[in-house]
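Enquirer: I'd like to ask you about the structure that follows.
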Amino acid sequence: MTYERGKIFTSIQVIAHGTKSSILTVPLSPDGSGSVHMNLSFEVLQALDAIDRTGTFASAAETLHKVPSSLSYLVQKLELDLDVKLFDRTGRRATLTHAGRVVVEEGRRLLQAAEDLECKAKRVQSGWESELHVAIDEIIPFELLWHHVEAFYDLKLDTRLCVSKEVLGGSWDALLTRRADLIVGAAGEPPPIPNLVARPIGSLRHVFVVAPDHPLASAREPLMMDEVARHRVVAIGDTSRKLAPRTIAIAPNQEVLTVPTLEAKLSAQIRGLAAGTIPECLALEPIKRGELVRKEVIGMRDVTHFYLAWRDDEGGKALNWWVEQLDQPDLIDKVVQQRMVHG
């Protein structure tokens, strides 16, 4: 703590990625009671974010519907108040200093928290969420949802609907990290998530297939897992961010080709680039056409269970509406029908 002309200051050490980056000196109240005079308003945090994203004060001002001089004043005043240089202005673009990068990144977290708080307040007031995020597993075709989306929009609500795709454990991860309010078709057993509600919606059978010219195509059945492990396998990349990624039918140290979608996985296997399991409903037609050969493998899991899941601690009317539409124990049977029709 320092003193200057009757003012009391405290020093805050800003740390980024485990490395000390700067000391910010923030003035306390005149009586030293601990009430902090905040220089970092939401307005200036929004300005810093816009300047960093657009690269120039002029572009940021246009984005925020302000004049460039007002943004320059905000930033210069903040740099003066904190005694920290936030931007390197020697080039054509406004480049953040190391301390500036810390302030911008932490500021974005504060802005997101403020936005989340506003959404929560609106949700409590009306009962209908301002936004609803629905994540669907890669196995679920969008065609299965569109008529529900149309019915939801017919309600004439102000709820913004966001639909995203997740893969394997990524669905559970989306619920854990709250980037999704509802997950449709989450695969495998549910992990421990606070306030989790998980409803079974069916099971899907997988088959192990290879291209006709793949070395395993002519191998004697049933195949053993160690024999399969000597060959490259293709897998869809798990989209988990916090939970440990999940895999299906992959041995330790097996060479893996990672792709983003089921369609890419199927295509890679048809071309003989790798072996692997495929939902039976997707493999039937390529097998009939002679593009793939089905092989029996001892010890390989061939059934996956799927769930509709959400957290019941902050559910609003929009979430409840979607749960009512999709809480069907035979939903995966409809997925199989859709996949067989559309591929």
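Enquirer: Is there a residue in region 303-310 that is assigned to a helix (DSSP H, G or I), surrounded by 17 or more Cβ atoms within 10 Å (Cβ to Cβ) and of a type in the set (Gly, Ala, Ser)?
Expert: No, region 303-310 contains no residue that is assigned to a helix (DSSP H, G or I), surrounded by 17 or more Cβ atoms within 10 Å (Cβ to Cβ) and of a type in the set (Gly, Ala, Ser).
Enquirer: If you don't mind, another one. Failed condition for Gln254, given (1) touching a residue at least 40 places away in the same chain (Cβ under 8 Å); (2) part of a loop (DSSP other than H, G, I, E, B); (3) under 32 Å from the mean Cα position of the chain (by Cα), with all others met?
Expert: For Gln254, the exception is condition (1).
Enquirer: Also: Please go through region 122-175 and pick out each residue that is part of a helix (DSSP H, G or I) and within 27 Å of Leu243 (Cα to Cα).
Expert: Passing the criteria: Phe142, Gly170, Ser171, Trp172, Asp173, Ala174, Leu175.
Enquirer: Something else now. Which one of these does Lys122 not meet: (1) under 23 Å from the mean Cα position of the chain (by Cα); (2) modelled with pLDDT under 85; (3) of a type in the set (D, E, K, R)?
Expert: (1)
Enquirer: As an exercise: evaluate Leu132 against (1) touching a Lys or Arg at 6+ places or on another chain (Cβ under 6 Å); (2) at pLDDT 90 or above and give the number of the one condition it does not meet.
Expert: Result: Leu132 passes all but (1).
Enquirer: Output yes when any residue across region 215-225 is modelled with pLDDT under 90 and crowded, with 21+ Cβ neighbours inside 10 Å, and no when none is.
Expert: no
Enquirer: Which pairs have Cβ atoms under 6 Å, sit 6 or more apart or on different chains, and link a residue in region 157-174 that is farther than 20 Å from Val259 by Cα to one that is assigned to a helix (DSSP H, G or I)?
Expert: Taking only residues 6 or more apart or on different chains, the pairs are Thr159/Ala318.
Enquirer: So is Glu62 farther than 17 Å from Val102 by Cβ, surrounded by fewer than 19 Cβ atoms within 10 Å (Cβ to Cβ), charged (D, E, K, R) and under 29 Å from the mean Cα position of the chain (by Cα) or not? Steps first, please.
Expert: Working: farther than 17 Å from Val102 by Cβ: yes; surrounded by fewer than 19 Cβ atoms within 10 Å (Cβ to Cβ): yes; charged (D, E, K, R): yes; under 29 Å from the mean Cα position of the chain (by Cα): no.
No, not satisfied.
Enquirer: Please work out which one of (1) under 30 Å from Arg271 (Cα atoms); (2) in contact (Cβ under 8 Å) with a residue 60 or more places away in the chain; (3) buried (at least 20 other Cβ atoms within 10 Å of the Cβ) is the condition Val234 fails and give its number.
Expert: (2)
A quick yes/no check of all residues on (1) in a strand (DSSP E or B); (2) at pLDDT 85 or above; (3) surrounded by 13 or more Cβ atoms within 10 Å (Cβ to Cβ):
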residue: Lys20; (1), (2), (3): yes, no, no
residue: Thr25; (1), (2), (3): yes, no, yes
residue: Leu40; (1), (2), (3): no, no, yes
residue: Ser70; (1), (2), (3): no, yes, yes
residue: Gln76; (1), (2), (3): no, yes, no
residue: Arg101; (1), (2), (3): no, yes, yes
residue: Glu105; (1), (2), (3): no, yes, yes
residue: Leu111; (1), (2), (3): no, yes, yes
residue: Leu117; (1), (2), (3): no, no, no
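Enquirer: Let me ask you something else. Just give me the residues in region 149-170 being closer than 19 Å to Gly315 by Cα, at pLDDT 90 or above and surrounded by 17 or more Cβ atoms within 10 Å (Cβ to Cβ), in sequence order.
Expert: Phe152
Enquirer: Tell me which of these Lys317 doesn't satisfy, since it passes every other one: (1) more than 20 Å from Leu257 (Cβ to Cβ); (2) of a type outside the set (A, V, I, L, M, F, W, C); (3) crowded, with 17+ Cβ neighbours inside 10 Å.
Expert: (3)
Enquirer: Among the residues that make up region 84-95, is at least one of them part of a helix (DSSP H, G or I) and not β-branched (Val, Ile, Thr)?
Expert: No - not one qualifying residue is present in region 84-95.
The values are calculated or read from the model by the stated rules, or taken from the named source; none is laboratory data. A quick note: this is a predicted structure, and the numbers were derived from the prediction, not measured. Cβ: placed from backbone, ideal geometry, glycine included. Neighbour counts: every protein chain shown.
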